[in-house]
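Participant: The structure that follows is given in the form of structure tokens.
The values are calculated or read from the model by the stated rules, or taken from the named source; none is laboratory data. This is a predicted model, so every value here is computed, not measured. Heads up, the Cβs are rebuilt from the backbone with ideal geometry, glycines too, and the neighbour counts pull from every protein chain shown.
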Amino acid sequence: MDVRPEPADAGSDIFDSSLNLEDAHFREGYADGHRHGVAAGREEGRQVGLKTGFETGEELGFYRGCVGVWGSAIRADPTRYSARVQKSVRTMEALLDGYPTMEPEDERVQEMMGHLRLKFRAVCASLGAKLENRGYLKGVDNKDVEF
Amino acid sequence: MESHDGAWSLKEVQKLEGHTDRVWSVAWNPAAGVAGVPAMLASCSGDKTVRVWEQNPSSSSWFCKAVLDETHTRTVRSCAWSPSGKLLATGSFDATTAIWENVGGDFECVSTLEGHENEVKSVCWNASGSLLATCGRDRSVWIWEVLPGNEFECASVLQGHTQDVKMVQWHPTMDILFSCSYDNTIKIWAEDGDDDWHCVQTLSEANGDDLTIKVWETDSAKMMSGDGYVPWSHVCTLSGYHDRTIFSVHWSREGIIASGAADDAIRFFVESKDGSVDGPSYKMILRNEKAHDMDVNSVRWSHGENRFLASASDDGTVKIWELVPVI
């Protein structure tokens with residue numbers, strides 16, 4: 001910390017150095033905080049991304065499994081399943097095929113997942129099946145989960 | 001309606017007792033009370049049961065014909081007869097909707113519809129009886145299709161409301177569904193062919209409260225002629241008549257609006273033929289102050305060519321009334 005006064009020039013006065021000191025400290029502190037913030041934010045974002053990615057993949061996988069079983073059952077005995085249920089299962093298949101897993105920022109993801117969830121509930125209700133994606137993370141204390 | 005400009009009075013025909021907790025809702029059987037078939041009424045309660053009441057044709061007095069119990073495990077909040085009168089749907093806080101069949105006077109639970117995540121608040125059949133709508137606290141509206149053999153299939157799960165959905169009601173002639181919610185909106189749902197139901201209009205009134213009745217209208221003829229959807233618009237507000245929450249309103253065949261409210265009263269309104277105001281206006285023709293000992297939860301006009309009204313209350317009773325003109 002240099003307390004010697006700055007050389008005088010046009011437009012400066014004896015108080016300039018004190019004012020510049022404050023300014024210099026401000027800028028140093030800001031840069032420090034920014035550096036730490038970027039690092040912490042990046043790490044936190046990574047954790048959130050991993051968690052969300054896991055949950056999304058898990059949910060899609062769950063529907064894949066259900067649709068796989070339902071599809072097989074329908075192929076084995078199509079007369080036992082109404083046209084509506086068969087169509088709903090095909091719709092779910094199309095949504096799962098078209099889900100942009102590699103583009104999380106694609107704005108369709110919310111709508112598609114919502115559509116999948118509603119179709120899933122409707123098919124379960126029609127079949128009388130009590131299925132639920134319990135999920136690996138549900139009921140687990142978030143502090144204990146780390147990726 | 002034959003306009004009777006004089007006074008009206010509400011005659012208490014009978015008080016039906018039996019439920020051991022508040023009665024939430026009543027429903028007249030649309031196929032009964034005509035052609036020699038004795039009139040029939042269903043009521044549902046916080047006591048987890050549904051009671052079916054029938055009118056004795058010779059004595060004209062009502063008795064409890066059946067108690068539908070040991071099915072719902074929580075409050076039964078809503079009940080509705082199918083248009084044929086053969087099926088009764090009951091919606092419960094236990095998250096299920098039970099379907100009962102009237103087999104020669106005996107009622108049997110023939111199906112249980114599961115799907116809602118929590119309390120079912122309202123059930124309603126469409127005009128042809130081919131569809132049943134349910135709604136509940138999980139903010140969703142479900143449309144079920146009735147298949148042969150009392151099988152039910154879920155045709156659609158409708159999301160859109162952001163809070164509890166309190167009631168669903170079908171249009172009396174078109175397959176258009178209305179739902180209202182704690183999110184202060186009424187949503188109108190229609191089908192775009194093949195199970196594709198979506199919200200075609202949302203009615204929201206920024207200054208709505210639970211002390212007013214609002215009337216909306218559309219051009220039905222134009223809608224039914226297939227010219228596409230004609231939006232509903234708000235045409236009238238009845239305010240200043242209620243100082244406690246209105247829980248139920250029902251329009252009679254003649255256009256008399258009955259309301260049941262938290263102040264234990266039942267009120268009646270008719271369109272006033274002043275003609276001086278833009279659009280319809282209504283006036284109150286009668287207020288029955290102590291209709292019940294507690295909140296009136298539901299008022300329903302009978303389907304027949306009469307002025308019979310049923311009401312359900314927190315006091316655990318159902319009452320049958322007749323609105324008569326005073327000459």
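Participant: I'd like to verify a number: residues in the stretch A:97-113 that are in a helix (DSSP H, G or I) and surrounded by 12 or more Cβ atoms within 10 Å (Cβ to Cβ), how many?
Facilitator: Of the residues in the stretch A:97-113, 4 are in a helix (DSSP H, G or I) and surrounded by 12 or more Cβ atoms within 10 Å (Cβ to Cβ).
Participant: Which residue, of A:ALA125, A:ALA94, is hydrophobic (A, V, I, L, M, F, W, C), away from chain B (no Cβ under 12 Å) and out of contact with any helix residue (DSSP H, G or I) (no Cβ under 9 Å at 6 or more places or on another chain)?
Facilitator: A:ALA94
Participant: Under 7 Å between Cβ atoms, which residue pairs at least 6 apart in sequence (or on different chains) link something in the stretch B:154-166 that is more than 7 Å from chain A (Cβ to nearest Cβ) with a partner that is surrounded by fewer than 17 Cβ atoms within 10 Å (Cβ to Cβ) and of a type in the set (Ser, Thr, Tyr)?
Facilitator: B:GLN163/B:TYR182; B:ASP164/B:TYR182; B:LYS166/B:TYR182
Participant: Name the residue that is surrounded by the fewest Cβ atoms within 10 Å (Cβ to Cβ), counting only residues in the stretch B:104-121 that are of a type in the set (Asp, Glu), more than 13 Å from B:LEU87 (Cβ to Cβ) and more than 10 Å from chain A (Cβ to nearest Cβ).
Facilitator: Only one residue fits best here, namely B:ASP106.
Participant: With respect to B:LYS222, is the statement that it is farther than 21 Å from B:ALA310 by Cβ and either within 18 Å of the chain's Cα centre (by Cα) or not in a strand (DSSP E or B) (or both) true?
Facilitator: Here the answer is yes, as B:LYS222 does meet what is asked.
Participant: Ok, one more. From B:ASP295, B:ASP278, grab the single residue that is acidic (Asp, Glu) and at pLDDT 95 or above.
Facilitator: B:ASP295
Participant: A further question on this structure: If you check B:VAL230, B:VAL200, B:VAL215, which single one turns out to be at pLDDT below 90, surrounded by fewer than 18 Cβ atoms within 10 Å (Cβ to Cβ) and among the aliphatic types (A, V, I, L, M)?
Facilitator: Only one candidate passes the filter, namely B:VAL230.
Participant: Part of a loop (DSSP other than H, G, I, E, B) and among the hydroxyl-bearing types (Ser, Thr, Tyr): which single residue out of B:THR90, B:THR73 fits that description?
Facilitator: B:THR73
Participant: Among the residues of the stretch A:31-47, are any under 26 Å from A:LEU116 (Cα atoms) and part of a helix (DSSP H, G or I)?
Facilitator: Yes, the stretch A:31-47 has at least one match.
Participant: For the stretch B:167-186, which residues satisfy the criterion of being touching a Leu at 6+ places or on another chain (Cβ under 8 Å) and either without any contact (Cβ under 8 Å) to a residue 40 or more places away in the chain or of a type in the set (Asp, Glu) (or both)?
Facilitator: B:ASP175, B:THR185, B:ILE186
Participant: When the stretch B:92-147 is examined, which residues are found to be farther than 22 Å from B:MET40 by Cβ, of a type in the set (A, V, I, L, M, F, W, C) and either out of contact with any Cys (no Cβ under 7 Å at 6 or more places or on another chain) or in contact (Cβ under 8 Å) with a residue 60 or more places away in the chain (or both)?
Facilitator: Across the stretch B:92-147, the qualifying residues are B:PHE93, B:ALA95, B:LEU113, B:VAL120, B:LEU131, B:CYS135, B:ILE143, B:LEU147.
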